[in-house]
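Below: the structure, in C-alpha cells.
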Amino acid sequence: MTTPLGLRAAATAAAVRAGISRLRESSIINRKGAPMILATLADADLPPLAPELVGRHDLTSRQLRMLRLATHALQEAASVLAPGERPPLLLAGPEPHPKKPASPLGEGLLELLAPQAGVFLDQGRSEATSRGRAGGLELLGRAMELVRSRRATSVLVGGVDSHLDTGLLGVLDEEGRVHADEVLDGFVPGEGAGFLLLSSRRVLPTSTALAFVSVPGTGAEQGHRYSAEPYLGNGLADAIRAAVGGTSGLSIRTVLASFNGESFGGKEWGVAFIRNRDAFHAEPRMEHPADCFGDLGAACGPVLVGLAALGLRKGYLPGPCLAWCSSEGAPRAAALVSSEPA
C-alpha cells in the first residue's frame, strides 16, 4: 500500500497503529478563504512516470497522479510472484461525481499500470471498475471466481484514488463537505493505493499465507448521499449479513470501517450493526484509519483488508476482522479477514 503515511504497507500499518496523522492544511483555499485540510503525499515522494508515459496529453493530472500512486504498491504486492507468472489485475477506481459524470479512470489506465510499475500482467483477464470505496471489496469475489475455476493461479486486486484534483475539490467544497474549522460534518480528502495478491491454498501453503479472506458480501443503498430516495440503511446491513452468513459461532472482534468523519457513515454503521448484532463480539474493536490518512476513496477496501491482515499476523488486532466500505453512491461491501481458513 501507498498512503500519506508511507510508501509501503508496513509503514502505513505502523503509523496507523501508533495513531500518527497526516492531515494537514494545504495550499488550496476553500470558498471561505481558509486553507483546505488534506492528506496527500509530497510530489517528490512519488515515483516519476515511466518514460513512455511522459508527455501523454490524453491523460488528466488526476490520472497521472493515480499511476504514480499505484507504482510502489503494485510492485510490493507483485514481489512474491513466481518468475514468469502473469496474474490478472482487478482494479477499483474512483466513482464519478454526479456533477462530473465522466469516469475518472478514463480508458486505458489499467493497461498503463503494467509499464508504469514494471509488472507483467494478464491483460486479457484484467478489468477495472469505477465504483469507489466499495469497489475493491466487491472485486474480491470476482478474484475468487478466477482462482477457484483455475482460470488464474493468483489474482491481484487493488484500488487507487486521489482527491488532489482542483475541479473535484471545488465541487466538494461547494457541497460543504471538505473539513474545515467551519465545516463540522465534513471529511479530509486523501489519496493512495492498495493491492492484494490472492491465491488458493492449493498454490500457496497455509503456513506462508498472510491471512485468509472470505467471499465478500455486497449490498446497494438506494437512499445514498446523492439519491432522492429515503435512507433506510439496507445496503451495508445486507452486505455484512451476506459476508457473515453461514458462519457458525462467529464473533467478530475487530471492525475496520471506511468512516471518513461524516455523520452519514456513523448512522449507516449503527443500522448495520444492530441488524447483525449476533455476529459480533460483545465489545468489538473499531478501527477507522481515515483519522490518520484521510479518505482514500477507491483505495480504501484493499488497504483495510491489508491492515487487517498485517494486524492479525503480528498479533495486535484480535480476529476475526470485518472490513467494510461504503461508496458515495449505492455500492456497499464487506469481507471477513482471519488468521485461519474458514
Task: Accessible surface, 1.4 Å probe, highest first, among residues VAL215, VAL80, VAL155 - done: VAL80, VAL215, VAL155
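Which value, in debye to the nearest 20, describes the size of the charge dipole of the stretch 226-342 about its Cα centre when Lys and Arg Cβ atoms bear +1, Asp and Glu Cβ atoms bear -1, and nothing else is charged? List each step's numbers first, then the result.
On the way: 9 positive and 11 negative charges, 73 e Å.
My answer is approximately 360 debye.
Before rounding to the nearest 500, sum -39500 (n - 2.57) across all DSSP H runs of length at least 4 in the chain and divide by the residue total; then give [θ] at 222 nm in deg cm²/dmol. Present the calculation step by step, with values, prior to reporting the outcome.
On the way: 9 runs with 103 residues, N = 342.
Per the formula, -9000 deg cm²/dmol.
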- [ ] May I ask you to give the percent of accessible area on the chain that is carbon plus sulfur, with a probe radius of 1.4 Å?
- [x] 52 percent
Task: Dipole moment magnitude, nearest 20 debye, the chain about Cα centre, only Lys, Arg, Asp, Glu C-beta charged - done: 980 debye
Task: Listed values [x] 65, 45, 39; [y] 55, 49, 38; [z] 68, 45, 32, entry calculated as Cα extents along the principal axes in Å - done: [y]
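Can you sort ILE252, ILE20 by 1.4 Å-probe accessible area, starting with the largest?
Details: ILE252 0, ILE20 85 Å².
Reading off the accessible areas and sorting them downward yields ILE20, ILE252.
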Open item on the list: Cut-off under 25 Å on the C-alpha distance; same-chain residues fewer than 8 positions from LYS100 excluded. Which lysines are left, in chain and number order?
Closed with: LYS32
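What is the antiparallel percent of DSSP beta bridges lying wholly in the chain, to the nearest 5?
Working: 28 of 45 bridges.
Around 60 percent of the beta bridges assigned by DSSP in the chain are antiparallel ones.
Can you tell me what share of the DSSP beta bridges in the stretch 194-342 is antiparallel? A percent to the nearest 5 is fine. Walk me through the numbers before you get to the answer.
On the way: 12 of 20 bridges.
Counting only bridges with both partners in the stretch 194-342, antiparallel ones make up about 60 percent.
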- [ ] Might you tell me the accessible area per residue for the chain, computed with a 1.4 Å probe and given in Å²?
- [x] 42 Å²
TODO: Can you pull the one-decimal nm distance between simple spin-label points at ASP58 and ALA11, each 7 Å off the Cα toward Cβ?
DONE: 3.3 nm
Task: Computed label-point distance, nm, for sites ALA102 and ASP181 using a 7 Å Cα→Cβ extension - done: 3.7 nm
- [ ] Order the peptides 48-57, 164-173, 182-191, 21-30 from the highest to the lowest mean number of other Cβ atoms within 10 Å of their residues.
- [x] 182-191, 164-173, 21-30, 48-57
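The values are calculated or read from the model by the stated rules, or taken from the named source; none is laboratory data. What you are looking at is a predicted structure, and each value in this text was computed from that prediction instead of being measured. Every residue, glycine as well, gets a Cβ built from its backbone with ideal geometry; the counts of neighbours run over all protein chains shown. Surface areas here come from the heavy atoms of the whole protein model, side chains and all, with no ligands, DNA or RNA. Shrake-Rupley method; radii C 1.70, N 1.55, O 1.52, S 1.80 Å.
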